[in-house]
Amino acid sequence: MRHPNLAGKSDSLLVIVDMQETLLRAVLNRQEITSNCKKLAGTAKILNLPVLVTEQNPEKLLGTAAEILEILPPHNMVGKLDFSCCGSQDFIRHLEATGRKTVILCGVEAHICVSQTAHDLIARGYRVHVPEDAVSSRRELDRQAGIKKMQLAGAIPTSAEAVIYELLGCAGTDQFRQVLKMVK
């Protein structure tokens, strides 16, 4: 039996929050968080994990950045105006349809949409893993405050690589070898 703070591939899904070009231009560490979100998306594709992608006010803030879209497995795209993804009935419908209770949450901004989503998911009974190297904000203080607030609410702090290896669970498989090419 594994500890409940470890993500497993049978009960996890990936939620990518608002990785839109307009928002990414303004955040800290754009390359690092984009790279780590891509690694998470690539892993989800290899492991056949469900993926939900949100876009905040897509008519004004444009769509998801091309470098994220190019690696995504089949996914459900949800446009929203609420800061919390849980404010969108489409998001809730897609989330519940997965039947999974562990959410790996990445994207922007850590102190706004990511944080509010994490809080609402936890309130709904989900386990939420937040890879700190796959979330960002425009200012470091806001990023740190968002991460700390999520942790205080019960989110599990992690890194992209840590959660990827938790999902894999073991070496020596074809899936492990495919993922290893991405993370090394």
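Here are a few things to note about the model shown:
- Residues in segment 36-61 that are farther than 20 Å from Thr117 by Cβ and exposed (fewer than 15 other Cβ atoms within 10 Å of the Cβ): Asn48, Glu59.
- Among (1) surrounded by 18 or more Cβ atoms within 10 Å (Cβ to Cβ); (2) without any contact (Cβ under 8 Å) to a residue 24 or more places away in the chain - the single one Leu121 does not satisfy: (2)
- Top-ranked residue in segment 132-145 [being assigned to a helix (DSSP H, G or I) and under 16 Å from Ile16 (Cα atoms); ranked as nearest to the chain's Cα centre (by Cα)]: Ala134
- Number of positions in segment 1-21 that are in a loop (DSSP other than H, G, I, E, B) and either more than 14 Å from Cys85 (Cβ to Cβ) or of a type in the set (Lys, Arg) (or both): 11
- Residue within segment 83-105 that is in contact with a Gly (Cβ under 6 Å, 6 or more places away or on another chain), under 24 Å from Leu167 (Cα atoms) and in contact (Cβ under 8 Å) with a residue 12 or more places away in the chain present: no
- Residue selected from segment 62-82 under the condition among the small types (Gly, Ala, Ser) and over 10 Å from Thr22 (Cβ atoms), by the criterion surrounded by the fewest Cβ atoms within 10 Å (Cβ to Cβ): Ala66
- Condition check for Leu49: assigned to a loop (DSSP other than H, G, I, E, B), among the aliphatic types (A, V, I, L, M) and at pLDDT 95 or above: yes
The values are calculated or read from the model by the stated rules, or taken from the named source; none is laboratory data. Keep in mind the model is a prediction, meaning the values are calculated, not measured. When we count neighbours, we look across all protein chains shown, and the Cβ atoms used for this are built from the backbone with ideal geometry, even at glycine.
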